[in-house]
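Peer 1: Encoded as structure tokens, here's the structure I'll be asking about.
The values are calculated or read from the model by the stated rules, or taken from the named source; none is laboratory data. All of these numbers come straight from a predicted model, not from anything done at the bench. A quick note on method: Cβ atoms are made from the backbone with ideal geometry, for glycine too, and the neighbour counts reach across all protein chains shown. Keep in mind that these areas ignore ligands, DNA and RNA; they rest on the heavy atoms of the full protein, side chains included. Shrake-Rupley method; radii C 1.70, N 1.55, O 1.52, S 1.80 Å.
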Amino acid sequence: MTLSEQYLDDDLHPIDIVEHIAEHHEWDFDRVGEDQIAMAVDAQWRTYSITLAWSGYDETLRMICTFEMEPPEDRLPEIYEGLNLVNDQCWAGAFSYWKAQKLMVYKYGLVLTGGQVASPEQINTMISAAVLSAERYYPAFQLMAWADRTPADALQVAIAEAFGRA
């Protein structure tokens, strides 16, 4: 049975769908509010914190996937250069580094204007793509931060797609 077959009500709130997906995958989650959910997704390299929030104002389902990263101050220029190179390879979503919070962040927004409804498969793919991207580039970010590797050299480890499932 596909994820969509579980839902017959087209008016289901996007965060309700996310909650059902989290339950289906047995991820730890917390329904922060009517329009927001936070969860933890275990993967090969680490556990990622994922938050999805629905904005009715601009009809967008926003997702951020974060993991802690505390690179030495003198390696930040390499991290920022590496972010540019990584984002050139990402077709959906983008990475940024939140220095004050010491978090690497992958962001994506699914625009659903005009009353469109996101399918469970779309939302599941959105979450999976975030985790797979984080898994793919995590080793490269670590090499940039801790192994004195140039961003271009560090990205060589991320050329192949990550294997596994989110």
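Peer 1: Heads up, I need the accessible area for residue 98: 1.4 angstrom probe, whole protein in place, Å², nearest 10.
Peer 2: Surface accessible to solvent at residue 98 totals approximately 80 Å².
Peer 1: Still on this model: Normalising by the residue count of the chain, find the relative contact order in percent from Cα pairs under 8 Å and 6+ residues apart.
Peer 2: 22 percent
Peer 1: For labels at residue 24 and residue 70 in the simple 7 Å Cα→Cβ model, what's the distance in nm?
Peer 2: Roughly 3.8 nm, to one decimal.
Peer 1: Rounded to the nearest 0.05, what FRET efficiency is calculated for residue 13 and residue 44 with R0 set to 41 Å and r the Cβ-Cβ distance?
Peer 2: It comes out at approximately 0.85.
Peer 1: Classify the range 80-166 from the C-alpha gyration tensor, please: rounded if a/c falls under 1.5, else prolate or oblate depending on whether a/b exceeds b/c.
Peer 2: Prolate is the answer for the range 80-166, as a/c is 1.5 or above and a/b outweighs b/c.
Peer 1: Counting heavy atoms of the protein chains only and a 1.4 Å probe, report the per residue accessible area for the range 95-159 as a whole number of Å².
Peer 2: 44 Å²
Peer 1: Can you compute the modelled spin-label distance between residue 58 and residue 146, with each label point 7 Å from Cα toward Cβ, in nm?
Peer 2: 3.6 nm
Peer 1: Let me make sure I get this right: for the range 45-118, a, b and c are the square roots of the gyration tensor eigenvalues over alpha carbons, sorted descending. Under 1.5 in a/c it's rounded, otherwise prolate if a/b > b/c, else oblate. Which is it?
Peer 2: prolate
Peer 1: Using helices alone, what [θ] at 222 nm do you get for the chain, with -39,500 (n - 2.57) per DSSP H run of 4 or more residues, divided over all residues and rounded to the nearest 500?
Peer 2: -11000 deg cm²/dmol
Peer 1: Which one of 40, 122, 95 has its Cα pushed farthest toward the positive end of the charge dipole of the chain, where Lys and Arg give +1 and Asp and Glu give -1 at the Cβ?
Peer 2: 95
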